[in-house]
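Scroll down for the structure; my scribbles are underneath it.
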Amino acid sequence: MVCLGNICRSPLAEGLLQAKAKAAGLNWQVDSAGTNGFHNGESPHPLSQKVASANGVDISNQVSRQLTQADFEKYDRLYAMANDVLSDMKRMGGKSFDPAKNTLFLNELYPGQEMDIPDPWYGKEEGYVEVFQLIDRTCEALIQNYFATQQQMTSL
Ligand code: 4NP
């Protein structure tokens with residue numbers, strides 16, 4: 001789960017997907033990072049922590065870090081929270097950037113729409129609530145899409 005600062009959007013995506021995957025019986029290793037590294041070592045934004053906690057998800061132990069070259073090799077899928085993030089990932093990954101593995105997160109909910117999870121950084125609390133709900137629905141869709149793909153593969 002990748003955004004710019006790894007303090008607002010991607011920590012929510014990490015916390016939500018990890019919890020939903022576990023609940024679905026999937027042993028996934030979910031992580032998050034930012035492309036810009038400006039907030040390395042920081043905890044998630046207080047408003048991201050607040051909305052997560054209000055919905056039963058604890059993201060307080062996460063620590064912001066910058067995306068590394070090794071991440072492109074280590075993970076099966078890398079999800080960009082927005083188009084500008086995906087462009088940064090393409091530049092950072094170089095030869096290790098595989099377009100089949102590096103995709104827009106919101107395309108899991110709205111396939112082919114190429115939409116962004118809005119950046120709540122400059123806004124108020126309502127923005128964080130809206131972003132939480134969108135990420136929550138997208139994580140649900142991602143897991144459903146995964147099971148649907150698995151089912152298609154086993155029925156071939
Ligand atoms: P995020 O939000 O990418 O969702 O963590 C941002 C946080 C900080 C900055 C930009 C976006 N920043 O420029 O410092």
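The values are calculated or read from the model by the stated rules, or taken from the named source; none is laboratory data. No experiment lies behind these values; they were computed from the predicted model shown. Reconstructed Cβ throughout: ideal geometry from the backbone, glycine too, with neighbour counts over all protein chains shown. Surface areas here come from the heavy atoms of the whole protein model, side chains and all, with no ligands, DNA or RNA. Shrake-Rupley method; radii C 1.70, N 1.55, O 1.52, S 1.80 Å.
Structure data summary
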{"read-out": "Relative packing of peptides 28-35, 61-68 - highest average C-beta neighbours within 10 Å first", "value": "28-35, 61-68"}
{"read-out": "110, 79, 122, ranked by accessible area, largest first (probe 1.4 Å)", "value": "122, 110, 79"}
{"read-out": "Relative packing of 1-10, 15-24, which averages over residues the other C-beta atoms within 10 Å, highest first", "value": "1-10, 15-24"}
{"read-out": "Rounded if a/c under 1.5, otherwise prolate or oblate - the range 72-117, Cα gyration tensor axes", "value": "prolate"}
{"read-out": "Residue 132 accessible area, 1.4 Å probe, all protein chains in place, Å² to nearest 10", "value": "10"}
{"read-out": "Among 63, 28, 118 the positive-end extreme of the charge dipole of the chain (Cβ point charges)", "value": "28"}
{"read-out": "Average accessible area per residue (Å²) across the range 2-154 - probe 1.4 Å, nucleic acids and ligands excluded", "value": "53"}
{"read-out": "Potential extension, residue 115-residue 40 segment - 0.36 nm per residue separation minus Cα distance", "value": "24.4 nm"}
{"read-out": "Under-19-angstrom lysine pairs by C-alpha in the chain, whenever the two are 8 or more apart or on separate chains", "value": "6"}
{"read-out": "Accessible-area ranking of 101, 95, 124, largest first, probe 1.4 Å", "value": "95, 124, 101"}
{"read-out": "Full-extension gain in nm, residue 77 to residue 155, via 0.36 nm per residue minus C-alpha separation", "value": "25.7 nm"}
{"read-out": "CD proxy at 222 nm, helix term only [per DSSP H run n ≥ 4: -39500 (n - 2.57); per residue of the chain; nearest 500]", "value": "-14500 deg cm²/dmol"}
